[in-house]
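The values are calculated or read from the model by the stated rules, or taken from the named source; none is laboratory data. Treat the numbers as computed from the prediction; the structure is a model and nothing was measured. Cβ placement follows ideal geometry from the backbone for every residue including glycine, while neighbour counts extend to all protein chains displayed. These accessible areas exclude ligands, DNA and RNA; they are computed on the full protein's heavy atoms, side chains included. Shrake-Rupley method; radii C 1.70, N 1.55, O 1.52, S 1.80 Å.
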Amino acid sequence: MKQAMLWGMIIFLMSCNKFLEEEPSGSLNPKNYYKTPEQVSAAVNGAYEGLATPFVANIGVAVSPVYSLEYLTGYSRRPRPSGFEDDQFLRLDKLDNANSRLQGWWNATYYAVENCNSVIENVSVTTVVDEMTKQRYLGEAYFLRAWYYFQAVQLFGDIPLKLTTTKDINDVRIRRSPKAAVYEQIVKDLTAAENAGLSWMDQSGHVSLGAVKSLLAKVYITMAGYPLQKGAPYYQLAYDKALEVIGSHQFSLFEQYSDLRNPAVQNTREHIFMLQRHPTVAVSNIHWAYLPYPVQPVSIQPAYGGAMMPVQAFYDSYAADDGRKQEQAFFYTKYPRYGNPAEMVFFPDPYIFKFWDQEAEKTGRSGANFPLIRYADVLLLCAEAKSNIDGGATSDAAAIDAYYAVRHRAFPAALKPVNLTTDDILKERYWELCFEFQTWYDMLRTRKAFDVAHGTITNLVGYKAPNHLRSFDETDFQFPLPLAEVQKNPDLAL
């Protein structure tokens, strides 16, 4: 299976690269594409490229937009020296609209959406693939467009909603749409993807029905909370959609936390949807970015590292017997010296081990996939949605079973609870999904924070996170639009 998955990943990534090479950004010409089944496949694969954009590091360590999401929470710090752009997130300074991280998130949306729009327009009318394949391709493109817009609307609020390709320079001079309209389109796209005949699971890393329904659950629970505050009906939609994923019996938690980073089981079981990486075609920088800093020779390239680590208060919030806190589960405090494994290197503080790539430790190139949707996330969303439906606490058997599956893995001796509060579930999400770039989205939609010093869930407004210089206020919950975009399109300011 491992060899088959590897070849599938290589073919997939080569198709992405081929698409990007043949159709360079800024000079798209669909007339040159969609003429053969191979070109159609390459165009669809190219639409996935946007998933990687926030992770791309142009220069240095952590010079990529994705880390800003964890810096904002205040539960992480950067041991490596940082510049003023990262410091705006790390310290919770007021964001400058010229901050390049904002532009990075914008590009991760709109370049990718343009590719999705091209696929949807052209595959809809193509005759070079059979109808079943056509519908599957369209399902993938609709999901991806929904993913990119969901990402952007959570961060920027009102944004342009562009559903056609750029055919004229005037096509880019569009105004922002209200958040509610963007969410409505996201649901519409995901519903189309849901009905496209996708398989429940796809071990090649392409979009699956499980990914579509999982994302719908995440969208619905976000719509139920802030900023739309649609409340109970949407919590019910989120609960129902999460139950569909659970009831499919296609997914399950890994028994061991080490399997979360086991390349042999990528794109299976707990990994509902992943960012596909490869050690030569599409290298991941996560392993290197999370290495200890200053230089600690625990991997073949010790000069990297220092992008992010947990603040001590967050690490201390885990119970001593929590399986996730045990050495080399989610964190580590020591590791054998590279080249001399008999000698142990001890770190002054805990670092993140959750995404350690054992092959990269030896080869210097990481091809480890990164989790975008995990089954543990869906289980906890199920429980959270039901607790909100029931007024902040629930005894619903399905919700308790979902929560307990995640909790029991961390505490094998723990008894199943008979009642759950929303705060119980939110704390579990902080501990389980830490440093997967999910927590800031949870904080935005709930307007809640985890007061790690006291072990309680508290209001986000007025909470001062461990690594921040001040408390959160309402102005922190929406990114300003990138200055360069407003300069190019003054209609964005309207």
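Numbers at a glance
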read-out	value
Residue in the stretch 174-219 that is farthest from A484 (Cα to Cα), counting only those that are in a loop (DSSP other than H, G, I, E, B) and of a type in the set (D, E, K, R)	D202
Top-ranked residue of the stretch 409-427 - restricted to ones that are open to solvent by 50 Å² or more (accessible area, probe 1.4 Å) and of a type in the set (D, E, K, R), ranked as farthest from L253 (Cα to Cα)	D423
Selected residue [in contact with a strand residue (DSSP E or B) (Cβ under 7 Å, 6 or more places away or on another chain) and charged (D, E, K, R)] from K448, K416, K488	K448
Failed item, numbered, when P79 is tested on (1) within 19 Å of V153 (Cβ to Cβ); (2) assigned to a loop (DSSP other than H, G, I, E, B)	(1)
Residue in the stretch 249-265 that is under 24 Å from R445 (Cα atoms) and part of a loop (DSSP other than H, G, I, E, B) present	no
Leading residue by the ranking (least open to solvent (accessible area, probe 1.4 Å)) among those in the stretch 144-173 that are part of a helix (DSSP H, G or I) and free of Cβ contacts under 8 Å to residues at least 12 places away in the same chain	D171
Close pairs (8 angstrom Cβ cut-off, 6 or more residues apart or separate chains): among the basic types (K, R) in the stretch 112-136, open to solvent by less than 20 Å² (accessible area, probe 1.4 Å) and part of a helix (DSSP H, G or I) anywhere	K134/V123
Yes/no for V406 being closer than 30 Å to H249 by Cβ and at pLDDT 95 or above	yes
Cβ pairs under 6 Å, 6+ apart, first in the stretch 265-279 and within 15 Å of S252 (Cβ to Cβ), second acidic (D, E) and at pLDDT 95 or above	V265/D259
Residue count for the stretch 221-237, restricted to those that are surrounded by 17 or more Cβ atoms within 10 Å (Cβ to Cβ), in contact (Cβ under 8 Å) with a residue 24 or more places away in the chain and part of a helix (DSSP H, G or I)	5
Some residue of the stretch 325-345 being on the phi > 0 side of the Ramachandran plot and open to solvent by less than 70 Å² (accessible area, probe 1.4 Å)	no
Only listed residue being farther than 26 Å from M443 by Cα and not charged (D, E, K, R), chosen from Q185, Q135	Q135
Tally of residues being of a type in the set (S, T, N, Q) and either out of contact with any helix residue (DSSP H, G or I) (no Cβ under 9 Å at 6 or more places or on another chain) or open to solvent by less than 10 Å² (accessible area, probe 1.4 Å) (or both) across the stretch 440-467	2
F435 at positive phi and crowded, with 21+ Cβ neighbours inside 10 Å	yes
Per-region count, the stretch 126-155, residues hydroxyl-bearing (S, T, Y) and within 20 Å of the chain's Cα centre (by Cα)	3
Selection count where residues are in a loop (DSSP other than H, G, I, E, B), among the small types (G, A, S) and within 24 Å of N97 (Cα to Cα), scope the stretch 446-484	3
Residue satisfying all of: in the stretch 394-408; part of a helix (DSSP H, G or I) and of a type in the set (G, A, S); surrounded by the most Cβ atoms within 10 Å (Cβ to Cβ) among these	A402
First in the stretch 362-381 and within 16 Å of E432 (Cβ to Cβ) and without any contact (Cβ under 8 Å) to a residue 60 or more places away in the chain, second anywhere and aromatic (F, W, Y) and open to solvent by 10 Å² or more (accessible area, probe 1.4 Å), Cβ under 8 Å, 6 or more apart	L380/Y403
Flag for A196 being open to solvent by less than 30 Å² (accessible area, probe 1.4 Å), under 21 Å from the mean Cα position of the chain (by Cα), at pLDDT 95 or above and of a type outside the set (S, T, N, Q)	no
Single condition V128 does not satisfy, out of (1) touching a helix residue (DSSP H, G or I) at 6+ places or on another chain (Cβ under 7 Å); (2) at pLDDT 95 or above; (3) among the β-branched types (V, I, T); (4) crowded, with 17+ Cβ neighbours inside 10 Å	(4)
Residue among Y293, Y304, Y315 that alone is open to solvent by 20 Å² or more (accessible area, probe 1.4 Å), in contact with a His (Cβ under 9 Å, 6 or more places away or on another chain) and of a type in the set (S, T, Y)	Y304
Complete set of residues in the stretch 281-297 that are touching a Leu at 6+ places or on another chain (Cβ under 9 Å) and not in a loop (DSSP other than H, G, I, E, B)	A282, S284
Lone qualifier among K179, K134 - being touching a Leu at 6+ places or on another chain (Cβ under 7 Å) and open to solvent by 10 Å² or more (accessible area, probe 1.4 Å)	K179
